[in-house]
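Contents: one structure, followed by commentary.
Every number in this text was worked out from the coordinates using simple rules, so none of it is lab data. Note that the structure is predicted; figures quoted are calculated from it, not measured. All Cβ positions, glycine included, derive from the backbone under ideal geometry; neighbour counts span all protein chains shown.
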Amino acid sequence: MSLSLKNVIRQAESAILGKPQQIRFALACLLARGHLLIEDLPGVGKTTLAQVLSRTLGLQFARVQFTSDLLPADILGVSVYERDSNQFKFHPGPIFAQMILADEVNRATPKAQSALLEAMEEHQVTIEGVTRPLPAPFFVIATQNPSHQIGTFPLPESQLDRFLMRIEMGYPDAQAERGLLSGVDRREIIAKLTPQMESAELLALQQHVKQIHVSPALLDYVQAILRHTRESAHYTHGLSPRAGLALLSAARAWALIDGRDAVIPEDVQIILPGVVSHRLQTIAEHQHSLTQELIAAVAIP
Amino acid sequence: MSKSHLYGLLLSILMVIAPHADHLPPWVSALCIVLLVWRSYLAWSGNPLPKRWLLMVITLTSLSGILIDFHTLFGREVGVTLLMLLATLKLMELRTARDAMALIFLSCFILITNFLYSQSLLTALYMLATLLVIVTSWVHLHAPGIAVKPRLRVAAVLLLQAIPLTLILFILFPRVPGPLWGLPQDAFARSGLDDTMSPGSVGRLALSDAVAFRVSYQGKPPQRAQMYWRGPVLWDFDGHTWTPGRATQGIAPQFSATGLTTEYSVTLEPHNKHWLFALDVPDSISVPARLTDDFQILSREPVNERLRYEARSHLTFHANLQESQAQLQRALQLPQTLNPRARQLAASWRADDDHAVVRRALGYFNQQNFYYTLEPPPLGRNSMDDFLFDTRQGFCEHYAASFVFLMRAAHIPARVVTGYQGGEYNAYGNYYIVRQSDAHAWAEVWLTGQGWVRVDPTAVIAPERVERGLSAALTDSAALPFMSRNPPLWLRDLRLNWDALANQWNQRVLGYDSERQFAYLSRFGLESVSLQVIYMTAGLGLVIALFALYMLRHLFKREQDKTQAAWLKLCRKLARSGLPRAPHEGPWDYATRVAIARPALADAIQDLAARYVALRYGAIQNERAQSEFIRRATKFGRSKNK
């Protein structure tokens, strides 16, 4: 593992207490050029995670609070007539930042949601007939509040698929919480964070993820997992080939973070909950143990 | 669904339904052929399949055709017809692979129905060929990329692999005594001896070379001239036809053997009558049967399946030395008014004793210009007179009938016996084939002090008939079936070879009934019926389970490379020491768990896991690293065992 990546993790861990796994998941998501959906209650550190990551990685950060009256233009930007030059000048929206926190994405109307999701997918936006590329590390962290669904527009399954991973923050453990409560204000800590990595290096790491080796034996394993979800009676639909690709790229990124140049089954198993939990629906309502059951059901070939 | 798939299926269906053309209404076969041709044309031209309503119309029309033809929708014939029509109609809506699979299974099912009509060796061979075609199109369906030859090979290998299981099922599967669902048609349609005899009736049989039964003798076979297979005995004569008449209360059959006995086993083809044929005069028989007053053996049920029995006969004997008056009276009955010249002739001999009368009658046949032929001229009302004095041309029934007539006219009790005489020796199977063309009729007279004595007037006129067979006795053999004449030697050999093979098939495959199965399994000590069933079930289950296990292992083995095999072996070793690897547990996770549980092994197992991970999941493959890993993995087990 590159030294700077190590530093990134170390610094992030010092700022976000007791969430090393979540930090790594977010990082893996970023390295695999995916986007992250965090689903949890307010106040468990979703925003902090985004801010810490952007500071540590030296990425431009923008935050969009999704509300029911949010318009696509509020995300993408708008052309305004300027009297001085007698021209329309484009004022880029928050989407043109390198890291975007889309807070409570399910509060906005589908129209606003799709503006964000299309940008995520295409890595570019077309506004008023002009196609504008988005900056090159481009990473969206969207958050969703699982409770209080009244008056929300939950993302449809097809849109959930746009997120490489979906994770939950969870409450900090007692020790971490103690540190949180007794320590300095988080905002101060975040303000003090220094970038540990250049954008160019991040892009190079993203390239490197693609080079991580995947052996035929591992492909067998991934295929066995996909096949199981399709043949098992537990799931309403099996995983799509795109989900298979997502599994592989996330596992590659995880292997890189773990300092290896080849993916092993353990990588797949560890990222599997994050990658498949929002793509699979069970017949029964027990989403939490779902992915663990899936892992246990598929033997490693 | 590509064209080649379709042509394979078309061929399968065609081969499956072809044998049924023989016994189903012609319009069914015609309709099937039309549908097949139509489907081939559609495939060839690329035109769309017919509309649903049209198929419905065809289906309903053929259904009413069946109703009109058979008056029912149940039964064997109707079932087979329906299946055939549905299979061909299914072709017309063949769109998906699922349809094709349904068709393949349907073909297999229709194929089996062939056995309801014929179970001969030839049928079995044909069905095997058909099955190969079906399996080949099945293989093609699953692996579209394979060329015809490898496809055939795969199908053949599949069939070969099925042989062990087939054999086990054949030997062990409980047999149902008696047929399950009706008999092959060939049990009924056979010609054979009748229980009446009129001029020309035996001669007609001589034209058929169908097998009547096959005999193998234990020990030396008797002389050919002694091979008289007794069938129906005829007592009553109405001037034209001989019939068995109504049996009177006779004396129970009794005989004293005076010489040779012979033992033999007979495999009787079904003839749908009660007679079981045995050499004169039968002593014992291995199937339940009754010996009548006149030494016929009658089975309880008509013989409508191939029947095998052992029998013992005495070749020289005195039969019924004491005969009841009623029987003797019966053996003297003649129509009163007919045939005055024959009566006159018999009366002229009467001066002598009975023996001399018999001799004179035989001498009459010998010295007068009698002629043995299959095509005798027709006889008038006084048939005996016409034959004895005018036409003097006849087949064995003429001679037997006229001889018995003369004897009765001379007050010597006599009766006609029909049956078979002789047979063809098959050196390839060491048995005799008795055909319908060996059908014969002879006479028996009752002489004081000797009982019933066999007299064969045919032997006097044409001794070759008895000594060498029909074709030797007839000068004009053109009317005989080809094979009963003198075919080229190689053809004869071929036919005997084939018959020997068919005989084996009958004996070992078709004849393997519940009794034989029981006898066979008894050899392995499975006498008790309940135990037998338990053993059979258990054995069969075990074999199937072992086979399945073997197949599964085989399947998994192919997935494993040497590295993985060594790793799995290592895991099994650890499992035996109480640390089994869960199937979904990755190598690293497992090594970590083992290291925690057995700190002493930590270094070794982590080293091995690292090597395994590098070899199995790593980018660089290295044979030396592989052999090193395998060596260490093996050593790990050994050092641990110490």
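Restricting attention to chain A, lysine pairs at least eight places apart or on different chains and with alpha-carbon atoms under 29 angstrom apart total 11. Scalar couplings 3J(HN,Hα) for region A:291-299, obtained by applying the Karplus form with A = 6.51, B = -1.76, C = 1.60 to θ = phi - 60°, are 6, 5, 5, 4, 4, 5, 7, 10, 6 Hz; x denotes Gly and Pro. When +1 charges are put on Lys and Arg Cβ atoms and -1 charges on Asp and Glu Cβ atoms, the dipole computed for region A:3-201 relative to its Cα centre reaches about 480 debye. Reducing region B:348-388 and region B:540-614 to their Cα centroids gives an inter-centroid distance of 96 Å.
Give me the angle, in degrees from 0 to 90, between the Cα long axis of helix B:121-142 and the longest principal axis of the Cα atoms of chain B, rounded to the nearest 10. That works out to roughly 20 degrees.
Note on the protein assembly as shown: Cα-only Rg and Dmax are 47.5, 162 Å. Taking θ as phi - 60° and the Karplus parameters 6.51, -1.76 and 1.60, the scalar couplings of region A:247-264 work out to 4, 5, 5, 5, 5, 4, 4, 5, 4, 5, 4, 7, x, 10, 10, 9, 7, 10 Hz in sequence order, x denoting glycine and proline.
Once the Cβ-Cβ distance of B:LEU60 and B:ASN272 is raised to the sixth power relative to R0 = 45 Å, the FRET efficiency obtained is 0.75. Taking label points 7 Å from Cα along the Cα-to-Cβ direction, B:GLN333 and B:GLN161 give a separation of 7.1 nm. Sequence-distant contacts, meaning Cα pairs under 8 Å at least 6 residues apart, place the relative contact order of chain A at 23 percent. For B:LYS149, the lysines whose Cα falls under 20 Å of its own Cα, not counting residues fewer than eight places away in the same chain, are B:LYS3. Pair-distance distribution of region B:3-172: all C-alpha pairs, bin width 10 Å, starting at 0; shares per bin in whole percent are 9, 36, 35, 17, 3, 0. Other residues lying with their Cβ under 13 Å from the Cβ of A:ARG242 contribute a combined charge of -1, Lys and Arg counting +1, Asp and Glu -1.
A Förster radius of 41 Å combined with the Cβ-Cβ distance from B:ALA102 to A:THR131 puts the calculated FRET efficiency at roughly 0.20.
Based on the Cβ-Cβ distance from B:ARG359 to B:GLU464, what FRET efficiency comes out when R0 is 25 Å, to the nearest 0.05? Efficiency computed from Cβ-Cβ geometry: 0.70.
Between amide H atoms placed 1.01 Å from N, distances below 5 Å from A:MET169 occur with A:GLU39, all of them 5 or more places distant or on a separate chain. Helix B:52-70 axis versus longest C-alpha principal axis of chain B: approximately 30°, rounded to the nearest ten. Projecting the Cα atoms of B:LEU489, B:LEU568, B:TRP349 onto the charge dipole of chain B (Cβ charges, centred on the Cα centre) puts B:LEU568 farthest toward the positive pole.
Given in Å, the Rg to one decimal and the Dmax to the nearest whole number for the Cα atoms of region B:201-484 are 18.3, 54. Altogether, the Stokes-Einstein calculation at 20 °C and 1.002 mPa s, with the Kirkwood radius of region B:338-432 over Cα pairs as Rh, returns a diffusion coefficient of 146 µm²/s. Mean separation of Cα pairs under 8 Å and 6+ residues apart, divided by the residue count of region B:3-172: what relative contact order is that in percent? Result for region B:3-172 is 29 percent. A simple spin-label model places the labels of B:LEU125 and B:GLN322 5.8 nm from each other, with each point 7 Å out along Cα-to-Cβ. What's the long-distance tail for region A:3-201, i.e. % of Cα pairs beyond 32 Å? Percentage above 32 Å: 19. Computed over chain B, relative contact order equals 11 percent, with contacts defined as Cα pairs under 8 Å that lie 6+ residues apart. Distant-in-sequence amide contacts of B:SER208, defined by a placed amide H-H separation under 5 Å and a gap of 5 or more residues or a different chain, comprise B:SER437.
The amide H of A:SER215, built 1.01 Å from its N in the peptide plane, has A:VAL263 as neighbours under 5 Å, considering only residues 5 or more places off or on other chains. Computed about its Cα centre, the charge dipole of region B:350-393 is approximately 40 debye, with only Lys, Arg, Asp and Glu carrying charge at their Cβ. For the protein assembly as shown, a crude dipole built from +1 on the beta carbon of Lys and Arg and -1 on the beta carbon of Asp and Glu, taken about the Cα centre, is about 2500 debye to the nearest 20. Across region B:591-598, rounded Karplus estimates of 3J(HN,Hα) from the backbone phi angles (6.51 cos²θ - 1.76 cosθ + 1.60, θ = phi - 60°) give 4, 5, 5, 4, 4, 6, 6, 10 Hz, Gly and Pro being marked x.
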